[in-house]
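One structure below.
Derivation of every value follows stated rules applied to the coordinates shown; laboratory data play no part. Computed from a prediction, not measured in an experiment: that's the story for all the values here. Quick reminder, even Gly has a Cβ in these numbers, built from the backbone with ideal geometry, and neighbours come from all protein chains shown.
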Amino acid sequence: MTRNFALFPLMVVITLISLPLMVMYGFLILDTVTDAPPGALWPDEFTLRHWRFLWDMSAAGNVWKATLNTAVLALSMVAVVVPVSSLAGYAIARLNLPYRRFFLGGILVMHAFPAVTLLIGVFFVLKFAGLYNTMIGVILVKGALMLPFGIWIMKGFYDAVPWEIEMAGVQDGASRLTVFRRLILPQVKPGLVALSVFAFLDGWGEYLLPRVLAPGSDMTVMSVLLNGLIAGDDIGYDFNLFKAVGVFYTLPVIALFAIFQNRLMTIFGGGTKG
Amino acid sequence: MSSFADPIVDGARRARPVRPRRAPVSRLGLILMAPALLLLTLFFFLPVALTGVFAFTDLSTSTGIGRGDYVVTPTLLRQLGDKGLSDTDAEAVARSSVTVDAAGLARARAAGVDDRFLDEIERRFMGRDYEAPAGFVRDLRGLRTAPRRPRDLKSAAALFETSVLNQRFATSQALAAQLEAMAPEIAPAVRARIVEASFTGARFTTENFRTLATQKETARLVGNTFLYVGATLSLFNVGLGLFLAVVLFYMPKGASSLFSTLWLLPRITPVVLYAVMWKWFTWEGGFLPILADQVGLPSFNYMKGSVVTAWATMITLNGFIGASFGLILFSGALRAIPLQQLWASEVDGASRWQQVRRIILPQMRWPILFVTAYQTLSLLSSYEQIWLTTNGGPGRTTSVWALEAFKTALSNYTGNLEYGMGAAMALVLVVVGLALSLIYLRLFKFSELVGRPKIEI
Amino acid sequence: MRLNLENFTKCFDGTPVIEGLNLTVEDGEMLALLGPSGCGKSTTLLSVCGIYRADGGRILFGGRDVSALPSQRRNVGVVFQNYALYPHLTVEENIAFPLTVQKPRPSAAEIARQVREIAELIHIDALLGRRPAQLSGGQQQRVALARALVRKPDVLLLDEPLANLDAKLRLEMRSEIRRIQLETGITAILVTHDQVEAMSMCDRVAIMDKGEILQIDSPTQMYRSPANRFVAGFLGNPPITFLEGRTGPEGRFSMEAGLTLPLPSHLRGMPSGRPIALGLRPEHFGHGGQGQATGRVTFVEPQGREMLFDVQAAPGVTLRSIQPTRDDVSIGDEVTWKVDADRMLAFDAEGRRL
């Protein structure tokens, strides 16, 4: 980067702007292992009692079961979104589909289109299909709503594979399916990994759909459990407990993000080429 | 390749016009698309269609989702009376008569009335009709097996009463026939009106849109939505995003990636936890109020305590999530600017501000347009964060269109969910969303993206 | 195997880019499709291998019509410009790929044997364990060639195979590809825009422009006797100089700018006043002949063994001469050099050779 300008003022400005985030995330971690006297900002004692929910199910409900349920939801998202997107993405990127222009335009519009506005319609589809209040319904809906995005991302990855690879494969006598399976799929592995991680994170953090579409399901996920703790306008929240549960809930997210940060960056931009 | 004016032609080339063969449809393509198409149809196209259909109905919890019945209730009669039904007609509809028949006997037997008593009723009065229940009760009192207690007698007699009131009819004809039998003096037109009004299921109506167009609440929701989208977008998604991108651009790599990770955190933090953090940050007993208290500023629940602070909180907490999108996109665009341009301007003696304004910002026009188009759509429809934090409060001062649509249809505490009204509100968003995403499609240079498949087999 | 294109036609978006093209490649012959970019040579190649569908006419392999067959069943080997090696497979797996998708699939031992055989022919048997990213450009080229040849195709198609190589490797691979083609005796088509490549590697050259073949001939014959002005201008480096003018009296040619030259002897009888163009190659100026031209040297380009001179013979008319290196001429000198009028090529106003 260019070195002709002073760095210090920039550091001050950006630190000031980032202060709220630093405070929020700093105290998020700090508060889980400390106690502060009422009305004080700074904690004065170290404690692990906010983590008692890990073994004491009366503190915050059955977090282990909820974690398992959340993992099931998140993994199901991967299982739905990744295969379906990678198949459709390939078809749309490389094969002679009828109405291909229309499909591409549709995917792009749906990609931009705010899917949450469809929630009311989705609610009725699930009612009619008998999938209301089931986790399967939530998974299918969540997966379907993520598809345009997934297909678009995968199309981008397929587009980056040279056509000559495909031509060479066909010329070598392989069918298009074989070419796809043995020659093209291995080239888009980074895309598959990125999309998998993204779908997992998306499923892991999801709150709205399980809450609205499966309120009576016995598969409580962590987001619903955590929000259930806070619900109601009680005074005297145990924020330290909420934070501890929240941090516990978010640990896998942070871990995955730390591992795959670079691959995820392209995807967080919305799969846009900017 | 379009011009074929070549002077050096050997001659025999202009043959019959060529009819190009169409590239064959890839069956594999259709198969690969099938799962996606199925899911998208079920949970994308169908919901859009249902939203469109239900927007024109008065579907709600009270109408139920299934087929409706025809029921005349006292409440309905009162409502009809307000709308001009005469009292005599109302009385006629509400009239009950007594008939001793097999059905009545069966009802009484099922209700546990003494068998001997019933046998006697059957023997003595079978087939008789009474205009008023009082006459029947008098007759019953004369029976040898009649119950001693007047209350038992009355309740047994009531089992033989028939009335249109509170009876469920599957079809309009059944109700009309019954009404005609019970109250023949009611004019057919009036009867039809009663039957029509007695339908409990959902009806097609444009009432939702008329309500939306006339109620004062609509204007406020639209205003709130514009304020929310406009302020969040300009201050944070574009403004802060651009600012961060430019500042990080000038920072050394380590610090730059540290801060960009920090700003990405709101996006990857699960929304529920993010809401908890903001509550802790702004509620009484939370960080900011304590801090304000210590330095002598007014300290209260900033998230819900006053309209101004509620708006500020709501815009900031959404903006912090949105800023990272702009940051990523703008950073990418900044990296695409050739460094030579910047060096050249530095050699020319430009200050940093001049460099940003003259060289960097002009090249950011397209990304800014893009972020604006894209984020307008997602802000317009996002309500999850608002729902989990201010929830439109205090009162409904910070409620936006999408949140209100959601609450109307799927989540309110009165228990009567107005699906039709909610769908109508959602339909407005769907139409606006479609229009905006078509604009977005044009920004995307769509035609460049639909290159033809290079293998024609 | 003999290859025929009969009345071959190809359209994009309903616009024909190649119309009614006829071409025969004899069994065991190596033919170059030579032309500027966008002339339709790659389109022709991709249609022969079946990546594109022909919109009209027939493509025959050994007399058998393959126009309707998909690529997979045409038994054509192709080497692409960027080699198109499968990056996730080793060299051995790359070469074996065409065999592994055959039905019935040959035994592993059989595949290994065939891969080894072809690798030895192409001199890459030492590289079999590596991945494409670990290979140099020339080695990748060889692997691509091996992969194309391993299933013993009827026809070998080479699409600009040397374009991505540096100058030295290009020279080496030129002769390597020709050696392998001769050793296997396979019918081959080389698509290229480089005339040196086409002329040095192939038995015959077909020059294409704007979707049609202008001339097919052996390299020497084509250089010596181009059928039209385009071919004459395309072949030769440094290129031929065209002089636009009219026939004059007494078998002379004159330009408006003032330069006059004798016509080639077979055209001396032409009536005067006809517009024609003469093509003068640099090696026919300054080496003897009946005509001569005088002018000022405007540019000298030493090339080591030879030197290239630009001579302004009249206002706006620059003749070019290539001669063994000499020190006695420099920029600004006035020279009078012979023009070998009989070796000049003459074209009529439509560009046809006279």
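Once both labels are positioned 7 Å from their Cα atoms along Cα-to-Cβ, the gap between C:ARG305 and C:GLU183 label points is 2.8 nm.
Across the stretch B:322-331, rounded Karplus estimates of 3J(HN,Hα) from the backbone phi angles (6.51 cos²θ - 1.76 cosθ + 1.60, θ = phi - 60°) give x, 4, 5, 4, x, 4, 5, 5, 5, 4 Hz, Gly and Pro being marked x.
Of the peptides A:31-38, B:308-315, the order by per-residue mean of other Cβ atoms within 10 Å, starting with the highest, comes out as B:308-315, A:31-38.
Residues of the stretch B:79-114 with an amide N closer than 19 Å to a point placed 7 Å from the Cα of B:ARG138 along the Cα-to-Cβ direction: B:96-100. Scanning chain A for trypsin sites (Lys or Arg not before Pro) lying in DSSP loops with no more than 15 further Cβ atoms inside 10 Å, the longest uninterrupted stretch between such sites is A:4-272. Spherically averaged projected area of the convex hull of Cα atoms, chain C: 21.5 nm².
With labels modelled as points extended 7 Å from the Cα through the Cβ direction, what inter-label distance (nm, one decimal) is found for C:SER37 paired with C:ARG224? Using points 7 Å along Cα→Cβ, the separation is 3.5 nm.
Between amide H atoms placed 1.01 Å from N, distances below 5 Å from B:THR57 occur with B:THR205, all of them 5 or more places distant or on a separate chain. The calculated FRET efficiency for the pair B:ALA312 and B:ILE337, based on their C-beta separation and a Förster distance of 30 Å, comes to about 0.30.
Run lengths n ≥ 4 of DSSP H only: what is the helix-derived mean residue ellipticity at 222 nm for chain C, with -39500 (n - 2.57) per run over all residues, to the nearest 500?
-7000 deg cm²/dmol
Here is the list for the stretch B:122-184: GluC sites (Glu not before Pro) lying in DSSP coil, each with at most 16 other C-beta atoms within 10 angstrom of its C-beta, are B:GLU131. Return the whole-Å distance between the Cα centroid of the stretch C:271-333 and the Cα centroid of the stretch A:119-198. The distance from the Cα centre of the stretch C:271-333 to that of the stretch A:119-198 comes to 66 Å. With the helix formula -39500 (n - 2.57) applied to DSSP H stretches of n ≥ 4, chain B reaches a computed 222 nm mean residue ellipticity of -18000 deg cm²/dmol. Sequentially through the stretch B:92-105, phi angles give Karplus couplings (6.51, -1.76, 1.60; θ = phi - 60°) of 4, 5, 6, 4, 10, 10, 10, 10, 8, 9, 4, 5, x, 4 Hz, Gly and Pro residues having no value and appearing as x. Averaged over peptide A:90-102, the number of partner chain Cβ atoms lying within 10 Å of each residue's Cβ comes to 6.
When the helices of chain A are scored as -39500 (n - 2.57) per DSSP H run of n ≥ 4 and the total is divided over every residue, the value at 222 nm lands at -21500 deg cm²/dmol.
State whether the stretch B:280-430 is rounded, prolate or oblate according to the following rule on the C-alpha gyration tensor (a ≥ b ≥ c being the square roots of its eigenvalues): a/c under 1.5 gives rounded; otherwise a/b larger than b/c gives prolate, and the remaining case gives oblate. The shape class here is oblate. Calculated FRET efficiency, A:ALA231 to A:ALA6, Cβ-Cβ distance, R0 = 41 Å: about 0.25 to the nearest 0.05. Quick check on chain A: take the gyration tensor over C-alpha atoms, sort the square-rooted eigenvalues as a ≥ b ≥ c, and tell me if it's rounded (a/c under 1.5), prolate or oblate. Oblate, because a/c is 1.5 or more while a/b does not exceed b/c.
Hull surface divided by four, with the convex hull built on the Cα atoms of the stretch A:73-197: how many nm²? That works out to 8.6 nm².
State, as an integer percentage, the relative contact order of the stretch C:241-347 based on alpha-carbon contacts under 8 Å between residues 6 or more apart.
32 percent
Computed extension gain for B:ARG151 through B:GLN354, at 0.36 nm per residue and net of the alpha carbon distance, reaches 63.4 nm. The simple spin-label model puts a point 7 Å past each Cα toward its Cβ; for B:ASP129 and A:SER175 those points are separated by 7.7 nm.
Cα-Cα pairs above 44 Å in the protein assembly as shown: how many percent? Of all Cα-Cα distances in the protein assembly as shown, 59 percent exceed 44 Å.
Amide H to amide H, with H built 1.01 Å from N, C:MET30 comes under 5 Å of C:ALA188, C:ASP203, C:ARG204, counting only residues 5 or more places away or on other chains. When exposed loop sites are taken as chymotrypsin sites (Phe, Trp or Tyr not before Pro) in a DSSP loop with at most 11 other Cβ atoms within 10 Å, the longest stretch of chain A clear of them is A:100-274. The phi-based Karplus calculation (6.51 cos²θ - 1.76 cosθ + 1.60; θ = phi - 60°) puts the 3J(HN,Hα) values of the stretch A:70-76 at 4, 4, 4, 4, 5, 5, 5 Hz, whole numbers, x for Gly and Pro. Scanning residues 5 or more positions from C:ARG252 or on other chains, those with amide H under 5 Å from its amide H are C:LEU263, with H placed 1.01 Å from N in the peptide plane.
Put in order of Cβ neighbour count within 10 Å, fewest first, the listed residues C:MET208, A:MET265 become A:MET265, C:MET208. Bridges between two residues of chain C, per DSSP, are antiparallel at a rate of about 75%. Based on DSSP loop calls and a cut-off of at most 15 other Cβ atoms within 10 Å, the longest stretch of chain C free of exposed GluC sites (Glu not before Pro) is what? Answer from the scan: C:27-255.
Distance between the C-alpha centers of the stretch A:1-57 and the stretch A:59-108? Whole Å please. Cα centroid to Cα centroid, the span is 35 Å. Remark: mean inter-chain Cβ contacts per residue of C:101-112 equal 1, using a 10 Å Cβ-Cβ cutoff to other protein chain atoms.
Would you tell me the mean number of C-beta atoms belonging to other protein chains that fall within 10 Å of each C-beta in A:35-42, as a whole number?
Values: counts 0, 1, 0, 2, 5, 2, 5, 0.
That average works out to 2.
Given axes a ≥ b ≥ c from the Cα gyration tensor, I'd like to know whether the stretch C:218-354 is rounded (a/c under 1.5), prolate (a/b larger than b/c) or oblate. Oblate, since a/c reaches 1.5 and b/c is not below a/b. Pairs of Cα atoms under 8 Å, at least six residues apart: use those to get the relative contact order of chain B, whole percent. Over chain B, the number comes to 21 percent. Taking R0 as 30 Å, what FRET efficiency do you get between C:ARG2 and B:LEU30 from their Cβ-Cβ distance, rounded to the nearest 0.05? That gives a FRET efficiency of 0.20.
The relative contact order of the stretch C:9-70, computed from alpha carbon pairs under 8 Å that lie at least 6 residues apart in sequence, is 29 percent.
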